Amino acid sequence: MANYSNIKNDEQLVFFRTTAWLDEAQQQWHIPIHGWIYEPENSIARKALFSTILKTEYDLAPDRETKANFTRRINLMIADNERGKKIVISLAGRNHVLPPSNVNGHFETVLVVPVADIEAFAEDSLIRYTAVTGNVDKRRFSGEVLLVTPNGLSIISDIDDTVKVSNVRQRSSLLEHTFLLDFSAVPGMAELYDDWSQHNSSLHFVSSSPWQLYTPLVEFLEQEGFPRPALSLKSVRFRDKTLFNLFKKGTETKPAVIENILATYPGRQFILVGDSGEHDPEVYADLLREYPDRILKIYIRNVTQECADDPRYKSLFDGIDQDRWQLFEQAQTLSHR
């Protein structure tokens, strides 16, 4: 069997940035690899269907300024996922055959690599790798894994309405910001996260945004100057109108993802950042009660014009010291700790 990736000329491969953890006793890095292989779709009929839904149900329509965004993002959402694909990567001087891709086109594994091998290839606290392709395929598919030390500060953050303007509570505006408009940053958040990054911090975005929009989201975050993050997004499959049912309750998905991060880095402490628009306060308050020694503080961006002494917050944070959580409107009012 050929020891290279099974990628056809009309298929694309995306590697999602992940975070590694160190086994100090065994002197080994655990390197998560996660990616997506798909065939780009440019279906005029499917795009027309979603244009009709946007117009008839939400009074939204792509225009000359937003057409490019709509075309790119919808094409990613309706892409044909490729299952059963073998991907081979070159990492730290060795080739690794990954598990076959699943029905959603995703493939995941964790490689265990000696510390000495990683140190020989690591740069700027990360390790880079590339897909091994056949001699005919000259394309380059590369990925990154952040090397997160056992101790330090980790930021777990929401995306929509926390660092990116989305107006999640208004469905029409949410869809407009997701599929039509240029992504727009919440003022001051990139600078705040950059300040935190100076204190041996890692950044994890945990969001209900779909994996299909990973590349546009990463491009946006990099353009706005956010520190290099890892992202945990939601799996969404194309099924007519259900494409627009993207942002379900965070209480259904976020706790398990965040608890997994906490378990992966037992020696690190955490700051949780979200917004008041949906369920971040509820999710974070429960986590703070369960992990009081691990979570230093909760910051909630106030997009609902609530007050800290409103019944919602009195109930959520009853018995919790006021200095462990904070509503804020301007990022500039927050310090690095």
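Observations on the structure shown:
- Hey, PHE107 crowded, with 20+ Cβ neighbours inside 10 Å and in contact with a Pro (Cβ under 7 Å, 6 or more places away or on another chain) or not: yes
- Flag for SER173 being in a loop (DSSP other than H, G, I, E, B), without any contact (Cβ under 8 Å) to a residue 60 or more places away in the chain and not hydrophobic (A, V, I, L, M, F, W, C): no
- Close Cβ contacts (under 8 Å, 6 or more residues apart or on different chains) running from residues in the stretch 154-165 that are among the small types (Gly, Ala, Ser) to residues that are at pLDDT below 95 and assigned to a strand (DSSP E or B) comprise SER154/SER201.
- Selection status of LEU60, outside the structural domain of GLU123 (by TED's automatic domain parsing), in contact (Cβ under 8 Å) with a residue 40 or more places away in the chain and over 25 Å from the mean Cα position of the chain (by Cα): yes
- Looking across the stretch 87-123, just one residue is among the β-branched types (Val, Ile, Thr) and in contact with a Lys or Arg (Cβ under 6 Å, 6 or more places away or on another chain), and that is VAL103.
- Screening the stretch 190-199 for residues that are crowded, with 20+ Cβ neighbours inside 10 Å and at pLDDT 95 or above and picking the one that is farthest from GLU219 (Cα to Cα) gives LEU192.
- Residue that is nearest to VAL112 (Cα to Cα) [pool: residues in the stretch 148-164 that are more than 17 Å from the chain's Cα centre (by Cα) and not in a loop (DSSP other than H, G, I, E, B)]: GLY152
- Number of residues in the stretch 117-134 that are of a type in the set (Val, Ile, Thr), surrounded by 16 or more Cβ atoms within 10 Å (Cβ to Cβ) and within 26 Å of GLN12 (Cα to Cα): the value is 3.
- Test: residue in the stretch 135-157 that is touching a helix residue (DSSP H, G or I) at 6+ places or on another chain (Cβ under 9 Å) and basic (Lys, Arg): no
- Highlighted here are the strands (runs of 3 or more DSSP E) found entirely within the stretch 230-303 that include at least 2 residues which are at pLDDT 95 or above and closer than 22 Å to TRP211 by Cα: 230-234, 268-275.
- Looking across THR178, THR109, THR130, one residue alone is under 21 Å from the mean Cα position of the chain (by Cα) and outside the structural domain of THR19 (by TED's automatic domain parsing). It is THR178.
- In a residue-by-residue description of the stretch 38-52, the property of being in contact (Cβ under 8 Å) with a residue 40 or more places away in the chain, under 21 Å from ILE261 (Cα atoms) and of a type outside the set (Val, Ile, Thr) applies to no position.
The values are calculated or read from the model by the stated rules, or taken from the named source; none is laboratory data. Treat the numbers as computed from the prediction; the structure is a model and nothing was measured. Cβ sites come from the backbone with ideal geometry, for glycine too, and all protein chains shown count toward neighbours.
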